[in-house]
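K.L.:
After the C-alpha cells below, expect a handful of questions from me.
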Amino acid sequence: MIRQLFKLLLSLVLVGGIHISSSGDLRFGESLSAQSKKKKKSAKKKRSSRKKKSSTKKKSSRRKKSSKKKKEKSPSNASKPLPIVNKGPQINVAAFADELYQLSSELEASNNEMARATRFIYNDMPKKKIKNIESLPFLTTGDYEADARNNPNNIYIQRQLGLHYEAVNNWESAKDIYLRQIKKHPTNPDAHFYLGSFFAMLGEYDKSRQSFEEALELNPDHKGTIDAMAMYTNTPDQKALSNQILGMSSRLVPEGPAQKITIIRQRLVEGNYTDALRLCEEGQKNFPTHNGFLQLTGETELALGNVEDAKSAFQRSIKLNAKDKNSHVSLANLYFDLGKYVYAALSFGDVIFLDPEDADSRYMQGLSYFKAQEWGRAAAAWEDLLHYRPDNEVVRVLLPQTYYILAVEYNRLGNPSMGRQSFKNALSVNQNTNQWLASSMATLGGYYREKRMYRESLAAYQEVIELDPSSAEAYLGLGLTYWNMDEKDLAKSSWQKSMTIKPDNNESQGWLILSDQES
C-alpha cells in the first residue's frame, strides 16, 4: 500500500502535476506549456550570462598580463616583511574601575574622619573677612565740648575737656574749665587738685601750692595730691613744692602716707637705702592704693643695683596707676640703660601719650629707635619732635643722618626712587652736610659690621676718613671691623692710628691691650 502511494507521488512529480516551490509549498495544476516557457527563458538567461562571463574573462586576462609585466619590472612591496608589533598585556578596564572606586571611597572616608577630629581646631581659628578699611575715630574739640555740654555736672568729663585744651595749647580755655568746676564743686578735692596740677604744669608753683593746700584741707589723705607730690622731684621748684605739701599732709595726718613718703625721701638723700626700702614696703602694705610707694621702691632698688626688682616695681606702679607719667619715664630710662632700645622707645611712647608736650621723651624715643637701628621709626619720632620744637639743634643733626642712612639702604636694596627721596628729606632738614654726613657713614659702618657685611663696613669707614681724616672714631671702627675679619695686624695699625690722633681715646687703648694679650 505504501509502495503504491510512493509510486503515485513520483509519477505526479515527473509528469508536472505537483510543483514544489522554493519555500517548500506544493502547487497543483500548472500546465506543461508554462513549464516549457520557463525552461526557454532560463536557457536564454544562461546564454547571455555565458557571453558576459567570456567577455569579462578576456578583459581580466589582458589586465593580468599587463600587471604581470609591471610586477616583473618593479619588485613588489608584498615581499617586504611586516613589522612585528609587540602587544602589551591586556587591561581589564572593569577591574581598574572597581579598584579606583574603592580607593576614592576610602579617601573620602579618611577626609571625613580627619575633619571630625580637627573640627575644634578649625573652629577656634579666626576666619578672615574682607572689611572696608576705615580710620579709627578721632575726637575733635567739638566732640569734647559737646560731651561736656551734655554732662555739665560730671566733673570728670569736664576734666577730659580741660586736658584736651591743654593738649592743643589752649591754656585760657583749660583754666576756665577748672575755675568753673571749683565754683560748682567747692567741697570736692579733685577740683582743687586739677587746678593745682594745671598751674604746676605752667610753672606757677605758688598758685599750684594754694590749690593743693585747699585739696588737702578737704581730704588730708587725698590720693591724687599725695601721689603727684611723690613724683615732683625733677626741678628744685618741684622739690620745694613737694616738701611743703607733703609736710602739710604729715601735720594733718601724722600717720598718713605723706609722712611716710617724706621720711623715705630723707633716707634716700642720706644714702640709707635699706631703711628706705623697709619704709617703702610698710607704706605699700598700709596704703595699697598709693602707687607713690612703688615708685620710691623702684628708685631704692635701682640705687642698690637690683635692676630686675626695680623694673618690677616700676611696672607694678604703672599697673596700679597707668596715668602716672614718672613711672613710665623711670621704666623707659631703665630699659635704655640696659640697652633694650626697642622697649625703651615703647615706654617713651607711653610717656608721650600722657604728655604730648614732653620734648625730652620725644627726643629719647627717636634716639632709642636710632640705637635699635630702626631708621624709619627714628625719623618719624624726630619729625614729630620738630613740630613741637622746630629749633632743636640736636635733632637737626641726627635726623639728616637717619634719612641719609635710609637713602643708602634703599639704593643698596634696589629702590633708587626711595633713596633719592630720603636724600632730599635729609637736605630739607639740614643742607649743611658737613654737620652730619661723616657721622652717617660712621653709623653705617657699625651697622654693616653687626650684620657681618665687612666689605660694606670697610667702605663706609674709608668714606668717613676721606671726609674727616682726623676722625679717631673712624679708625677705631675700622679696627673693630678688621678684628672681626680676623685681620689682627690691620686692626692694630688702625687702633694705633686712632691713638696718635686722639691719645686719650681709652677705647682704642683697651683694644690694643687686648690684642697684645691674645698675641
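Throughout, read-outs are computed from the coordinates displayed, never taken from laboratory work. Every value quoted in this text rests on a predicted model; they were computed, and no experiment measured them. Every residue, glycine as well, gets a Cβ built from its backbone with ideal geometry; the counts of neighbours run over all protein chains shown.
K.L.:
How long is the gain from ASP275 to ARG455 if the chain were fully straight, where each residue apart is worth 0.36 nm and the alpha carbon distance is subtracted? List each step's numbers first, then the result.
P.N.:
Values: separation 180, 0.36 × 180 = 64.80 nm, distance 5.61 nm.
Extra length available between ASP275 and ARG455 comes to 59.2 nm.
K.L.:
Write down Rg/Rh for segment 406-519, rounded to two decimals, with Rg from the C-alpha atoms and Rh from the Kirkwood relation over Cα pairs. If you can, show how the numbers build up before the last one.
P.N.:
Working: Rg = 15.6 Å, Rh = 15.0 Å.
Rg/Rh: 1.05.
K.L.:
With Cβ to Cβ distances under 15 Å as the rule, what net charge do the other residues near PHE314 carry (K, R +1; D, E -1)? If you can, show how the numbers build up before the last one.
P.N.:
Details: positive: LYS311, ARG316, LYS319, LYS323, LYS325, LYS340; negative: ASP227, GLU299, GLU301, GLU308, ASP309, ASP324, ASP337, ASP350.
Net local charge, PHE314 excluded: -2.
K.L.:
Also, I was wondering about something else. Between THR500 and SER312, what is the FRET efficiency for a Förster distance of 45 Å, r being their Cβ-Cβ separation, to the nearest 0.05?
P.N.:
Numbers: r = 48 Å, r/R0 = 1.07.
Computed FRET efficiency for THR500 and SER312 comes out at 0.40.
K.L.:
Further question on the same structure: Need one number: nm distance between label points at SER493 and LYS285, each 7 Å from Cα along Cα→Cβ, rounded to one decimal.
P.N.:
Taking the simple label geometry, SER493 and LYS285 are separated by 6.9 nm.
K.L.:
Let me ask something else about it. Taking 20 Å as the cut-off for C-alpha to C-alpha distance, list the pairs among LYS285/LYS319; LYS223/LYS323; LYS239/LYS340; LYS184/LYS239; LYS183/LYS323; LYS223/LYS311 that go past it.
P.N.:
On the way: LYS285/LYS319 16 Å; LYS223/LYS323 13 Å; LYS239/LYS340 30 Å; LYS184/LYS239 31 Å; LYS183/LYS323 26 Å; LYS223/LYS311 23 Å.
Too far apart for the 20 Å limit: LYS239/LYS340; LYS184/LYS239; LYS183/LYS323; LYS223/LYS311.
K.L.:
Also, I was wondering about something else. Can you compute the FRET efficiency between GLN210 and SER428 using 1/(1 + (r/R0)^6), with r the Cβ-Cβ distance and R0 = 35 Å? Round to the nearest 0.05.
P.N.:
Working: r = 48 Å, r/R0 = 1.36.
That gives a FRET efficiency of 0.15.
K.L.:
For the residues SER422, SER105, SER471, what sequence is obtained by ranking on other C-beta atoms within 10 Å, fewest first? Working shown, then result.
P.N.:
Details: SER422 24, SER105 10, SER471 21.
So the residues, fewest neighbours to most, are SER105, SER471, SER422.
K.L.:
Subtract the Cα-Cα distance of VAL253 and ASN333 from 0.36 nm times their separation in residues, and report this length gain in nm to one decimal. If you can, show how the numbers build up before the last one.
P.N.:
Details: separation 80, 0.36 × 80 = 28.80 nm, distance 3.41 nm.
Full extension of this stretch gives 25.4 nm more.
K.L.:
Cβ under 15 Å from ASP358's Cβ, ASP358 left aside: what net charge do those residues give with Lys, Arg +1 and Asp, Glu -1? Could the numbers behind the result be given before it?
P.N.:
On the way: positive: LYS323, LYS325, ARG362, ARG389; negative: GLU166, ASP324, ASP350, ASP355, GLU357, ASP360, ASP384.
So the environment of ASP358 carries a net charge of -3.
K.L.:
Further, regarding this structure: For GLN517 and GLN421 in one chain, what is 0.36 nm times their gap in residues minus the Cα-Cα distance, to one decimal in nm?
P.N.:
Stretched out fully, the GLN517 to GLN421 stretch lengthens by 29.7 nm.
K.L.:
What nm value, rounded to one decimal, do you get for the distance between LEU386 and SER110 when each label is placed 7 Å out toward the C-beta?
P.N.:
Calculated label separation equals 6.3 nm.
K.L.:
I'd like the GluC sites (Glu not before Pro) in segment 372-448 restricted to DSSP loop residues with at most 11 other Cβ atoms within 10 Å, sorted by number. Before the final figure, lay out each step's value.
P.N.:
Numbers: sites: GLU374, GLU383, GLU393, GLU409; in loops: GLU374, GLU393.
Listed in order of number, the matching sites are GLU393.
K.L.:
Evaluate the relative contact order of segment 240-322 (contact order divided by residue number), counting alpha-carbon pairs under 8 angstrom at least 6 apart; express in whole percent.
P.N.:
Working: 80 pairs, mean separation 16.3, N = 83.
That works out to 20 percent.
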